[in-house]
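Remarks on the structure that follows.
The values are calculated or read from the model by the stated rules, or taken from the named source; none is laboratory data. Note that this is a predicted model, so its numbers are computed, not measured. Note: ideal-geometry Cβ built from the backbone for every residue, glycine included; neighbour counts use all protein chains shown.
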Amino acid sequence: MHLLVIEDDPLLSRSLTQAMTRNGYTVDALARIDDAIQALRQGRFDLVLLDLGLPDGNGLEVLEWMRAHTDATPVMILTARDALADRVRGLDLGADDYLAKPFSITELEARVRALLRRSQQRLDNNVRFGGLVLDTRSASAWLDGTALDLPRREFSLLEALMLNAGRIVQREALENRLFGFEAVGANALDVYVSRLRKRLAGSGLSIRTLRGLGYRLEEPREPLAKEPPE
Ligand code: CA
């Protein structure tokens, strides 16, 4: 998952980033409305955590911009406890949830999982495909019942492919999710794809490269029916 944190309090921003990274998400953190809109123009995010009191205005401007540009990414507003009017306005503008400061990171984590479940139309925290099970709550994965001890980026890659299993995931979307706006080499993604392929070896599942398009996680093909004898 790729999260955008828009929060100008450096301490809170850092602790949000740390907590979300610990959960296996890729996080980009920004403090200003104009930077946030710039980032939203360039990349796709799975969730936005939005503070309202920002140095260049009210964070609701970001939300307004997103919804006006048909960006339906889930948004969780982080507000001051007494800011009832802001919360109401935020929900009316299309925010998906809010948390009043100070909040517990544990509650934030649970609400983030809930929002992601809803936006991915899942009923629980698990994603399944073939012999793979992925637990988004603990950022862990199993293949045919055996735990895969995946580093964060491999987990994130597998998650993206599983959430779109059988469909092509664009290379750019994967790079975005794995590295955020970090500058990386042209082959950085391939390194992670090849590591993941090694882990899936023997399972029948494969990550197919579609040149110029992206990657697709596939189940083993059914063996072709034999031609009837002449
Ligand atoms: Ca603030």
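Data table
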{"item": "Count of residues meeting criterion [free of Cβ contacts under 8 Å to residues at least 24 places away in the same chain and among the acidic types (Asp, Glu)] in the range 145-171", "result": "1"}
{"item": "Strands (runs of 3 or more DSSP E) wholly inside the range 114-209 containing at least 1 residues that are farther than 21 Å from Asp46 by Cα, touching a Lys or Arg at 6+ places or on another chain (Cβ under 8 Å) and outside the structural domain of Leu30 (by TED's automatic domain parsing)", "result": "140-143, 146-148"}
{"item": "Subset of the range 100-135 that is touching a residue at least 24 places away in the same chain (Cβ under 8 Å) and of a type in the set (Val, Ile, Thr) - its residue that is surrounded by the most Cβ atoms within 10 Å (Cβ to Cβ)", "result": "Val112"}
{"item": "Some residue of the range 78-92 being closer than 28 Å to Met162 by Cβ and either within 16 Å of the ligand (Cβ to nearest atom) or not assigned by TED's automatic domain parsing to the domain that holds Arg171 (or both)", "result": "no"}
{"item": "Positions within the range 156-179 being buried (at least 19 other Cβ atoms within 10 Å of the Cβ) and under 11 Å from the mean Cα position of the chain (by Cα), in sequence order", "result": "Ser156, Leu157, Glu159, Ala160, Leu163, Leu174, Asn176, Arg177, Leu178"}
{"item": "Members of the range 1-47 that are touching a Pro at 6+ places or on another chain (Cβ under 7 Å) and either away from the ligand (no atom under 12 Å from the Cβ) or polar (S, T, N, Q) (or both)", "result": "Leu47"}
{"item": "Members of the range 48-73 found to be more than 16 Å from the ligand (Cβ to nearest atom), of a type in the set (Asp, Glu) and over 19 Å from the mean Cα position of the chain (by Cα), listed by number", "result": "Glu64"}
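The rows are residues; the columns are (1) over 25 Å from Arg117 (Cβ atoms); (2) in contact with a His (Cβ under 7 Å, 6 or more places away or on another chain); (3) outside the structural domain of Glu175 (by TED's automatic domain parsing); (4) surrounded by fewer than 20 Cβ atoms within 10 Å (Cβ to Cβ).
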site	(1), (2), (3), (4)
Ile6	no, no, yes, no
Arg14	yes, no, yes, yes
Thr17	no, no, yes, yes
Thr21	no, no, yes, yes
Pro55	yes, no, yes, yes
